[in-house]
Amino acid sequence: MENYTIPAQTRIGHVHLKVSDIQKSLDFYCGLLGFEVMTMYGDQAAFISAGGYHHHIGLNTWHSKGASPAPEYAPGLYHTAILYPERKDLAVILQRLIDAKYPITGASDHGVSEAIYLMIPIKMA
């Protein structure tokens, strides 16, 4: 196989997450973090975005409705980064998380971005 390097301008367009409960997921991503619902497919899927993009995150229960969270040591998505445009925007979300008593598991300054780490609690999964 020939060696290939992906172009530097490449970016992730969207991600789809299997969730057990659409409404609880919307409460988190839209109600707490501020994403907007772009499209709903009944009670099985929701497509949400920032700024009107067709969708940044797809949430669906096609194979996961009512399911328990995946075991901690199972393969799967480990991390998702949501990059807010300004530090003050991140501060607004941090305050919303604090006000909602949402569990924050850490924070870090990576030099190119600042991060707040969250785990989706079992009741949200």
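Readers should treat all values here as calculations from the given coordinates under stated rules, not as data from a laboratory. Not measured: the values here are computed from a predicted model. Positions of Cβ are generated from backbone atoms using ideal geometry, with glycine treated the same way; all protein chains shown enter the neighbour counts.
Residues in segment 28-49 that are out of contact with any strand residue (DSSP E or B) (no Cβ under 7 Å at 6 or more places or on another chain) and in contact (Cβ under 8 Å) with a residue 24 or more places away in the chain: PHE28, LEU32, LEU33, GLY34. Scanning segment 1-21 for residues that are hydrophobic (A, V, I, L, M, F, W, C) and surrounded by 10 or more Cβ atoms within 10 Å (Cβ to Cβ) turns up VAL15, LEU17, VAL19.
Matching residues to (1) farther than 23 Å from ILE116 by Cβ; (2) part of a loop (DSSP other than H, G, I, E, B); (3) in contact with a Lys or Arg (Cβ under 9 Å, 6 or more places away or on another chain):
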| site | (1), (2), (3) |
| --- | --- |
| GLN9 | yes, yes, no |
| ILE12 | no, yes, no |
| GLY52 | yes, yes, no |
| SER64 | yes, yes, yes |
| PRO69 | no, yes, no |
| ALA74 | yes, yes, no |
| ALA81 | no, yes, no |
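Taking every residue in segment 103-122 that is within 15 Å of LYS88 (Cα to Cα) and pairing it with any residue that is assigned to a loop (DSSP other than H, G, I, E, B) and β-branched (Val, Ile, Thr), at least 6 positions away or on another chain, yields no pair with a Cβ-Cβ distance below 9 Å.
The set of residues in segment 86-105 being within 15 Å of GLY31 (Cβ to Cβ) and not in a helix (DSSP H, G or I) consists of ALA100, LYS101, TYR102. Residues in segment 70-102 that are closer than 18 Å to ALA50 by Cα and free of Cβ contacts under 8 Å to residues at least 40 places away in the same chain: ALA81, LEU83, TYR84, PRO85, GLU86, ARG87, LYS88, ASP89, LEU90, ALA91, VAL92, LEU94.
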